[in-house]
Amino acid sequence: MEPAFVGGATYEGDIVEQMLAGHCMPISVRIIGNLQVRRGDTVLTAATLGGPKPRQIFEILLLKLGTPVSKDRLVELLWGGRPPGEALATLESYVSVLRRNLQPGCAKTGPLRTANGGYLLEPSLVELDLAQFNDLVDLAEHSSPQQAYAALTQALNSGSGTLLSDELTPEWAEDARDHHTAAVTAAQIRAAEIAAGLGRAHEAVQWSEHAVASEPLNERAWSALVTSLESAGRYAEGLQAYDKCRRLLDRDLGCAPGPALRDAHVRLLQKTAETDGELSEVLEALLYLNERMRAQSLRESAMAAANSRTRGFRTGSNHESASRVINSFLNKALAVS
């Protein structure tokens, strides 16, 4: 039996035989953005599935694709703990309406099935954009950097929209939306990290900017942005990003950036100073004095590691030398102002 291509998906074997016999019709479903269902040449939308409740039943089953959802659970989700008097009968009537619209003429063999005292959508007959997004993200976790980046790019280009944008009120829809948004942000951060490793600094900056915009308090997103800007040679922007992150974390969470971000900040300062001899001396003096203050509460081994970070002001150099450099710089800066 030759494969059949329907609604953007390829079907083989018994599924094709059933299709040709008129027993079922696969569907292609989009729930990232506005709901859309394609069944052959027919296109269904949120307004053409039989009403709000049949549509919501369909969406709940899509979120659990291939897993039965009990009637009691559906009643709980649909009416939020305040079901009507004949809730089960009402639910069954809504399912009948959904079946007529979703799979006309094939109530028992279409995607919507009765199972274990509830209902499910047969995954072999449903091509779902959310499932494709999740599959591509999972694939990236077990692939080479080049393959992982390609998978993440494909997933993010097609799946970064708002999940279930037709359902703004139900709590179950909001929970699913939050989960998908977090998954998108995590994928953007991972794409940024991989892009930076592949030498694609400009793309790394773009992905990390998207992640920061989505989750402004996500320190890993800020770390990806700062290091991406560093890789792109945009040191001043990297310093600005670090400062914005520092202020946000302090204001909203009462904490400071972690070690990875602080290390990136030091690297950016050093690289910025490399193009300015006087600024380089001031930076080295500040680093030296800072490490000397920290060393008072560190063990001897930690102090030795800290001292190794400074180049021009080692322990053998006197304290006054560092102070003199800083004072000279401050006097010049104040004179200009």
Worksheet item: How many of the residues making up segment 204-221 are buried (at least 24 other Cβ atoms within 10 Å of the Cβ) and either touching a Pro at 6+ places or on another chain (Cβ under 6 Å) or not hydrophobic (A, V, I, L, M, F, W, C) (or both)?
Response: 1
Worksheet item: Got a sec? Which of Ala241, Ala256, Ala260 is modelled with pLDDT of 75 or more and touching a Ser or Thr at 6+ places or on another chain (Cβ under 7 Å)?
Response: Ala260
Worksheet item: Does Thr169 count as part of a loop (DSSP other than H, G, I, E, B) and not aromatic (Phe, Trp, Tyr)?
Response: yes
Worksheet item: Looking only at segment 238-271, which residues are in contact with a Leu (Cβ under 6 Å, 6 or more places away or on another chain) and either β-branched (Val, Ile, Thr) or under 15 Å from Ala196 (Cβ atoms) (or both)?
Response: Gly238, Ala241, Leu268
Response to the item:
Considering residues that are closer than 16 Å to Leu121 by Cα and of a type in the set (A, V, I, L, M, F, W, C), the number found within segment 42-90 is 10
Fill in: Selection from segment 121-174 of residues that are more than 16 Å from the chain's Cα centre (by Cα), surrounded by fewer than 14 Cβ atoms within 10 Å (Cβ to Cβ) and charged (D, E, K, R)
Glu171
Fill in: Single condition Ala264 does not satisfy, out of (1) free of Cβ contacts under 8 Å to residues at least 40 places away in the same chain; (2) surrounded by 19 or more Cβ atoms within 10 Å (Cβ to Cβ)
(1)
Fill in: Count - residues of segment 228-271 that are among the hydroxyl-bearing types (Ser, Thr, Tyr) and not in a helix (DSSP H, G or I)
0
Item to complete: Say whether the condition of being assigned by TED's automatic domain parsing to the domain that holds Tyr119, of a type in the set (Phe, Trp, Tyr) and farther than 26 Å from Leu156 by Cα is met by at least one residue in segment 47-60.
Response: no
Discussion item. So for segment 149-158 (the condition being farther than 22 Å from Ile57 by Cα, touching a residue at least 12 places away in the same chain (Cβ under 8 Å) and among the β-branched types (Val, Ile, Thr)), does at least one residue qualify?
Written reply: yes
Practice prompt. Identify, from the list Arg177, Arg220, the residue that is touching a residue at least 12 places away in the same chain (Cβ under 8 Å), within 14 Å of the chain's Cα centre (by Cα) and closer than 30 Å to Val75 by Cα.
Written response: Arg177
Practice prompt. Provide a single number: the residues in segment 152-166 that are assigned to a loop (DSSP other than H, G, I, E, B) and closer than 27 Å to Glu141 by Cβ.
Written response: 4
Worksheet item: Only one residue in Pro104, Pro123 is free of Cβ contacts under 8 Å to residues at least 12 places away in the same chain and out of contact with any Lys or Arg (no Cβ under 8 Å at 6 or more places or on another chain). Which one?
Response: Pro104
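The values are calculated or read from the model by the stated rules, or taken from the named source; none is laboratory data. Source: prediction; values computed, not measured. Positions of Cβ are generated from backbone atoms using ideal geometry, with glycine treated the same way; all protein chains shown enter the neighbour counts.
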